[in-house]
Amino acid sequence: MSRILIIEDNTLTQAQLAHILDEKYNLSFAEDGLAGLAAVPHLNPDLILLDINLPKMDGYQVCKILKGDKKTREIPLIFITSLSSEKEKVTGFEAGADDYIVKPFYPEELLVRVRAHLASRRAKEQAIELEKLKILQEMAVALSHQINNPLTAVYGCLYILEKEAGHLTETAHFSLEGIREGLEKIKVIVNRLSKASRVAKTTYNRDTVMIDLNNI
């Protein structure tokens with residue numbers, strides 16, 4: 001369920017928004033601009049509904065800060081305000097808002113706009129992921145070709161050593177077997193890279209995420 005942060009100090013408007021959105025979305029509320037800014041990093045909302053006339057920091061300032069931060073600039077932000085003049089709307093869009101709804105608002109209009117902006121954000125995220133996958137696939141195929149060349153040379157050297165195995169000690173024989181096993185594993189990984197069709201990730205250590213070559 002998508003999370004929406006509502007930055008609004010009017011309790012009646014909060015109640016109206018909750019009545020319209022509560023069954024469809026996970027809602028959180030902040031009653032002033034500073035509290036709203038502080039809540040964003042913790043909540044990581046999918047969309048923000050923002051009033052303009054707020055205590056401590058007005059909506060324009062909140063919007064400029066969020067849209068100026070690369071961590072939050074992609075969050076859709078909709079002004080919901082009683083300020084309806086053309087100048088105020090222009091100021092809102094100049095601050096970076098994605099949309100502007102004037103109070104009193106129609107529930108269906110609000111729902112349609114919220115759904116549209118959430119869908120637009122999901123589409124952008126999917127497009128970015130597809131582009132990342134395409135780049136990864138191209139890198140994987142190129143890397144597999146680069147590895148195959150020296151791998152073929154090593155196999156050739158190993159073949160010659162194995163032909164001369166009669167003159168080697170038992171320890172050397174054991175080492176050759178280990179080399180062949182290692183090369184076979186590398187060959188399997190290179191083959192998977194050349195056919196990579198998706199990104200499979202695994203948690204390596206704490207917050208470190210790595211590509212899982214066993215599942216690509």
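Identify the single condition in (1) within 13 Å of residue 13 (Cβ to Cβ); (2) without any contact (Cβ under 8 Å) to a residue 40 or more places away in the chain that residue 49 does not satisfy, given that it satisfies every other one. For residue 49, the failing item is (2). Kindly establish whether residue 138 is without any contact (Cβ under 8 Å) to a residue 24 or more places away in the chain, surrounded by 14 or more Cβ atoms within 10 Å (Cβ to Cβ) and farther than 30 Å from residue 84 by Cα. So residue 138 fails the test.
Being within 28 Å of residue 80 (Cβ to Cβ) and part of a helix (DSSP H, G or I) holds for only one residue in 180, 121, and it is 121.
Screening the candidates 92, 96 for the property of being in contact with a Cys (Cβ under 9 Å, 6 or more places away or on another chain) and assigned to a helix (DSSP H, G or I) yields one hit, 92.
Checking each residue of the range 70-79 against the condition of being touching a strand residue (DSSP E or B) at 6+ places or on another chain (Cβ under 7 Å), under 23 Å from residue 121 (Cα atoms) and not hydrophobic (A, V, I, L, M, F, W, C) gives at least one match.
In the range 133-140, the count of residues that are at pLDDT 80 or above and either closer than 18 Å to residue 184 by Cβ or in contact with a helix residue (DSSP H, G or I) (Cβ under 7 Å, 6 or more places away or on another chain) (or both) is zero. For the range 1-59, taking the residues that are small (Gly, Ala, Ser) and assigned to a strand (DSSP E or B), the one that is surrounded by the fewest Cβ atoms within 10 Å (Cβ to Cβ) is identified as 28.
In the range 161-177, the residue that is nearest to the chain's Cα centre (by Cα) out of those that are surrounded by fewer than 10 Cβ atoms within 10 Å (Cβ to Cβ) and in a helix (DSSP H, G or I) is 171. Considering every residue within the range 101-119, establish whether at least one is touching a strand residue (DSSP E or B) at 6+ places or on another chain (Cβ under 6 Å) and in the same structural domain as residue 59 (by TED's automatic domain parsing). Within the range 101-119, one or more residues are touching a strand residue (DSSP E or B) at 6+ places or on another chain (Cβ under 6 Å) and in the same structural domain as residue 59 (by TED's automatic domain parsing).
The values are calculated or read from the model by the stated rules, or taken from the named source; none is laboratory data. None of these values were measured; they are calculated from a predicted model. So basically every Cβ, Gly included, is an ideal-geometry build from the backbone, and we count neighbours across all protein chains shown.
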